[in-house]
Amino acid sequence: MKKKKRLIMRSVILAIMLAAIGYTLYANFTKETRGEIAIGDKAPDFILSDMNGNTHKLSDYKGQGVFLNFWGTWCKPCEREMPYMNNQYKVYKDQGVEILAVNVGEPEFIINKFVKKHGLDFPILKDANKDVLNLYNVTPLPTTMLIDPEGTITAIETGELSEAKIKGMMESIKPR
């Protein structure tokens, strides 16, 4: 009886290890086909819900500039740049520039607590399964992509942004 249990346990562990190895190989070999996002590319379309349950489809913002920011509540540089983004959002939202701040993989109650703490006014989108993060091939947080009114990526910035830098970025994607 003991030997049978041991055999079953070893078989389960072996199956899990083989699945992990298979996934790792699949992820590495298909990385090239998923491709890198680069300046000059059309921004891949996506649909995400915000904290109020409204859906946001990137292509619905055609004709506007989009400041697409990927962030997490645990990320200190993300937290430091949020008030600057909020200040500039108030200036540029009526000039055809939208901020879409994509939170990656965190529970709603943690995001809500963060949004309330910082008094954020711009749309906070939930990427619970990190699908959009992976679609855009984002690695470090924060990462910000600028998308012009035609839907083309014009800049990709990783790391913390100053308020002056955010203002310049928003000015650069403002519809003319």
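Structure data summary
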| read-out | value |
| --- | --- |
| Residues being free of Cβ contacts under 8 Å to residues at least 60 places away in the same chain, in contact with a helix residue (DSSP H, G or I) (Cβ under 9 Å, 6 or more places away or on another chain) and surrounded by fewer than 19 Cβ atoms within 10 Å (Cβ to Cβ) - total across the stretch 87-116 | 2 |
| Lone unmet requirement of (1) surrounded by fewer than 19 Cβ atoms within 10 Å (Cβ to Cβ); (2) closer than 18 Å to Pro44 by Cβ; (3) not aliphatic (A, V, I, L, M) for Tyr136 | (1) |
| The stretch 142-176, residues that are touching a Gly at 6+ places or on another chain (Cβ under 8 Å), assigned to a loop (DSSP other than H, G, I, E, B) and surrounded by 21 or more Cβ atoms within 10 Å (Cβ to Cβ) | Pro142 |
| Search result, residues across the stretch 114-159 that are in contact with a Ser or Thr (Cβ under 6 Å, 6 or more places away or on another chain) and closer than 25 Å to Ser172 by Cβ | Pro140, Thr143, Leu146, Asp148, Glu157, Thr158 |
| Cβ pairs under 7 Å, 6+ apart, first in the stretch 46-73 and on the phi > 0 side of the Ramachandran plot, second crowded, with 17+ Cβ neighbours inside 10 Å | Gly63/Pro149 |
| The stretch 34-55 - residue that is within 26 Å of Asn112 (Cα to Cα), over 13 Å from the mean Cα position of the chain (by Cα) and not small (Gly, Ala, Ser) and, of those, surrounded by the fewest Cβ atoms within 10 Å (Cβ to Cβ) | Asn52 |
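Any read-out appearing in this document is the output of simple, stated calculations on the displayed coordinates, not a laboratory observation. Given the structure is predicted, the values throughout are model-derived calculations rather than measurements. Virtual Cβ from ideal backbone geometry, glycine too; neighbours counted across all protein chains shown.
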